[in-house]
Amino acid sequence: MEPRPPEAFPVLVDPQPLVVVAELDAGEYLPDFPAPPAKPGVVTINLDPPPHWVRAEVVQTIYGATKVPRVLYAGTTSHWGPQPMSPQPQLAFFLTDGRQYILRRYGYKRLLSRLDGSLLLPIWDKQVSPWLPCSVLELREEFDSGQVQETPKTRGADYLPAVERPDLFRAVPGGFLPRYAIDVRKLASYLQANPPPVKGVKCE
């Protein structure tokens with residue numbers, strides 16, 4: 001029996017990271033967070049809409065609990081509220097206490113499929129993800145578009161990560177494509193000895 005969406009944004013007792021390959025679908029708004037206590041002379045403006053829930057159909061667990069439900073619902077936040085999401089499986093980053101789930105803010109990455117069906121995480125920045133150890137960049141392998149089923153979307157010539165780290169990219173007509181990707185199977189193995197952070201990290 002499929003679980004139900006949360007009725008409010010989850011409060012986790014002991015949050016632990018969970019990384020999965022999943023098909024994601026944005027749902028509906030949840031009740032807004034309580035307003036912070038008023039302070040004399042201070043005006044607080046929150047530009048975010050209320051949180052919302054996301055449905056995740058789990059394809060594969062990369063890191064985390066041994067028993068992950070096939071379908072889970074999570075609370076999340078964004079600048080835009082619920083938006084259409086890619087129908088293809090993505091690498092998704094959650095926090096969980098074993099009962100409830102939070103999808104980290106914009107915590108999902110599109111994957112590419114090799115011709116044999118194995119999955120690659122393309123590297124679009126020196127910071128692969130704030131929800132992965134910085135050292136995962138060591139797992140990068142060179143690839144080209146002829147080795148994958150999808151056609152990666154070119155980033156424009158002013159794409160800042162490519163300007164800062166041109167060694168990570170291929171210059172193509174109209175801009176840049178990633179030169180490297182991480183095999184998701186190797187990522188899963190690596191994270192067993194190098195767990196993902198509970199709090200986001202910044203990689204220089």
| task | Please determine, by comparing only the residues of segment 142-153 that are surrounded by 11 or more Cβ atoms within 10 Å (Cβ to Cβ) and under 20 Å from the mean Cα position of the chain (by Cα), which one is modelled with the highest pLDDT. | result | E150
| request: Go through (1) farther than 28 Å from T151 by Cα; (2) part of a loop (DSSP other than H, G, I, E, B); (3) in contact (Cβ under 8 Å) with a residue 60 or more places away in the chain one by one and return the number of the condition Y73 breaks. | output: (2)
| said: Just to check your reading of the model, which residue among L103, L137, L91, L120 is in contact with a Cys (Cβ under 9 Å, 6 or more places away or on another chain) and outside any loop (DSSP other than H, G, I, E, B)? | reply: L137
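Condition check ((1) outside the structural domain of R165 (by TED's automatic domain parsing); (2) of a type in the set (V, I, T); (3) over 21 Å from E204 (Cα atoms); (4) free of Cβ contacts under 8 Å to residues at least 60 places away in the same chain) across all residues:
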{"residue": "G81", "(1), (2), (3), (4)": "yes, no, yes, yes"}
{"residue": "P89", "(1), (2), (3), (4)": "yes, no, yes, no"}
{"residue": "D97", "(1), (2), (3), (4)": "yes, no, yes, no"}
{"residue": "Y101", "(1), (2), (3), (4)": "yes, no, yes, no"}
{"residue": "Y106", "(1), (2), (3), (4)": "yes, no, no, yes"}
{"residue": "L121", "(1), (2), (3), (4)": "no, no, no, no"}
{"residue": "S129", "(1), (2), (3), (4)": "no, no, no, yes"}
{"residue": "L132", "(1), (2), (3), (4)": "no, no, no, no"}
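Looking at this structure, is V54 under 26 Å from P133 (Cβ atoms), in contact with a Gly (Cβ under 9 Å, 6 or more places away or on another chain) and β-branched (V, I, T)?
On the way: under 26 Å from P133 (Cβ atoms): yes; in contact with a Gly (Cβ under 9 Å, 6 or more places away or on another chain): yes; β-branched (V, I, T): yes.
Yes; evaluated as a whole, the condition is true for this residue.
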| note | Within segment 16-36, of all residues that are assigned to a strand (DSSP E or B) and of a type in the set (D, E, K, R), the one farthest from P89 (Cα to Cα) is E28
| field | Test result for L191, within 19 Å of the chain's Cα centre (by Cα) and either among the charged types (D, E, K, R) or not assigned by TED's automatic domain parsing to the domain that holds T66 (or both) | value | yes
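In segment 149-204, what count of residues is obtained for those that are small (G, A, S) and touching a residue at least 24 places away in the same chain (Cβ under 8 Å)? Lay out the reasoning, then the answer.
First pass over segment 149-204, keeping only residues small (G, A, S): 156-157, 162, 171, 174-175, 181, 188-189, 193, 200.
Imposing the further condition that a residue be touching a residue at least 24 places away in the same chain (Cβ under 8 Å) reduces the set to 181, 188, 200.
The total comes to 3.
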| Among the residues of segment 167-190, is any among the aromatic types (F, W, Y), assigned to a helix (DSSP H, G or I) and either under 22 Å from V59 (Cβ atoms) or out of contact with any strand residue (DSSP E or B) (no Cβ under 9 Å at 6 or more places or on another chain) (or both)? | yes
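Taking the stated definitions as given, is D158 in a helix (DSSP H, G or I) and exposed (fewer than 12 other Cβ atoms within 10 Å of the Cβ)? So that I can check it myself, show each step before the final result.
Values: in a helix (DSSP H, G or I): no; exposed (fewer than 12 other Cβ atoms within 10 Å of the Cβ): yes.
Spelling it out, it is not the case that D158 is in a helix (DSSP H, G or I) and exposed (fewer than 12 other Cβ atoms within 10 Å of the Cβ).
The values are calculated or read from the model by the stated rules, or taken from the named source; none is laboratory data. Please read these numbers as outputs of a predicted model, since none were measured by experiment. Every residue, glycine among them, receives a Cβ derived from its backbone with ideal geometry; neighbour counts consider all protein chains shown.
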